[in-house]
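Notes to accompany the following structure.
Where a number appears in this text, it was derived from the coordinates with a stated rule and is not lab data. Quick caveat: nothing in here was measured; it's all calculated off a predicted structure. Every residue, glycine as well, gets a Cβ built from its backbone with ideal geometry; the counts of neighbours run over all protein chains shown.
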Amino acid sequence: MKLTFSIYTVLLFFTISTRAQVSYGILGGIQQTDARVKIPDGPSIRATAGYGFHAGGTLKAGFDKNVYFSPGLLYSLKGFTIHFNNLLQDSVTSAKLQIHYIEIPLLLQFDTRSDGNGFFFLFGPSASVAITGKEKRTFLNTSEKERSMRFANTAYGRFEMNLVAKAGYYFKSNVLITAGYSYGLGSIINDDYYARIVPRMITLSAGYFFRTK
């Protein structure tokens, strides 16, 4: 499934880029991430939000009136704290996660004006691949231990899918601002017997478009 998605992404990108008028830009911003956490056949677990940032490149390729394909390639730092309170009976009271991702949003953009200025909306899927991460655990005796996150079939998963919705404003100076929400479509834990952890995120971004081809 992951290979099929990657092949589809590359083919779609090149098809639209070679046939449509393309604008290139950069963007970056801050984000707040929390998560829905639940033990299988058990209670939900409280999580508190953490803060991170994102930065990278994006493009805008038109293929219909006021409708554009807007993919991107971003670095993204996500983090939050899960308050287990020993519910897993492993003496862990909390776990603070910080994960570094490469993110590939594949969004459709709808402009409210034909000249490209003014308000616009974006919607679509986003795929993320975890590069590395840290997990800082606090125990019942108040001791703390930090370790690198382990990615495996029975541990954390590297691949994450989200559904993204954004609203933004494009200025005549080629500057844009956006606010968005990202909803996780699955758990970042591969182990079916561990707690399910499904991230969700609020983003604020600013960007600039350079040129049109």
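Taking the simple approach of a point 7 Å from Cα along Cα-to-Cβ for both ALA155 and LEU88, what is their distance in nm?
Roughly 1.2 nm, to one decimal.
Net charge around LYS134, counting only other residues with Cβ within less than 14 Å of its Cβ (Lys, Arg = +1; Asp, Glu = -1)?
Around LYS134, the surrounding residues sum to +4.
What number, rounded to the nearest 500 deg cm²/dmol, is the helix-based mean residue ellipticity at 222 nm of the chain, given -39500 (n - 2.57) per DSSP H run of at least four residues and division by all its residues?
That comes out to -3000 deg cm²/dmol.
Can you give me the relative contact order of the range 164-213 as a percent, contacts being Cα pairs under 8 Å and 6 or more apart?
37 percent
Taking the Cα centre as origin and putting +1 on Lys and Arg beta-carbons and -1 on Asp and Glu beta-carbons, what dipole magnitude results for the chain, to the nearest 20 debye?
Once rounded to the nearest 20, the dipole reads 340 debye.
How do ASP64, ASP41 line up, fewest other C-beta atoms within 10 Å first?
The order, fewest Cβ neighbours first, is ASP41, ASP64.
When 1/r is averaged over all different Cα pairs and the result inverted, which Kirkwood radius in Å belongs to the chain?
Value: 18.5 Å, from the Cα pair sum.
Could you point to the residue in LEU140, ASN174, SER114 farthest towards the positive end of the range 112-184's charge dipole, with +1 and -1 charges on the Cβ of Lys/Arg and Asp/Glu respectively?
Positive-end residue among those listed: LEU140.
If you add up the charges near LYS172, with Lys and Arg at +1 and Asp and Glu at -1, over every other residue whose beta carbon is less than 14 angstrom from its beta carbon, what do you get?
That works out to -1.
Roughly how many Å is it from the Cα centre of the range 179-213 to that of the range 46-91, as a whole number?
3 Å
Please give me the summed charge of the neighbours of ALA152: other residues whose Cβ is under 11 Å from its Cβ, Lys and Arg +1, Asp and Glu -1.
Neighbourhood net charge equals +1.
When only C-alpha pairs under 8 Å and at least 6 residues apart count, what is the relative contact order of the chain, in percent?
21 percent
Please build a GNM for the chain, connecting alpha carbons under 10 Å apart, and tell me which residue among GLY118, GLY184, GLY72 fluctuates the most.
Fluctuation is largest for GLY118.
Ordered by residue, what ³J(HN,Hα) values in Hz, to whole numbers, does the range 111-126 give under the Karplus form 6.51 cos²θ - 1.76 cosθ + 1.60, where θ = phi - 60° and Gly and Pro are x?
Each residue of the range 111-126 in turn: 8, 7, 10, 6, 8, x, 8, x, 6, 8, 9, 10, 7, x, x, 9 Hz.
Taking amide H atoms as placed 1.01 Å from N in the peptide plane, list the residues 5 or more away in sequence, or in a different chain, whose amide H sits under 5 Å from that of MET149.
GLY133, LYS134, GLU135
What angle, in degrees between 0 and 90 and rounded to the nearest 10, separates the Cα long axis of helix 2-19 from the longest principal axis of the Cα atoms of the chain?
Compared with the principal axis, the helix lies near 20 degrees.
Any idea what the relative contact order of the range 23-128 is, in percent, if you count C-alpha pairs under 8 Å spaced at least 6 apart?
Computed value for the range 23-128: 22 percent relative contact order.
How big is the range 53-129 in terms of Cα radius of gyration and Dmax, in angstroms?
18.7, 59
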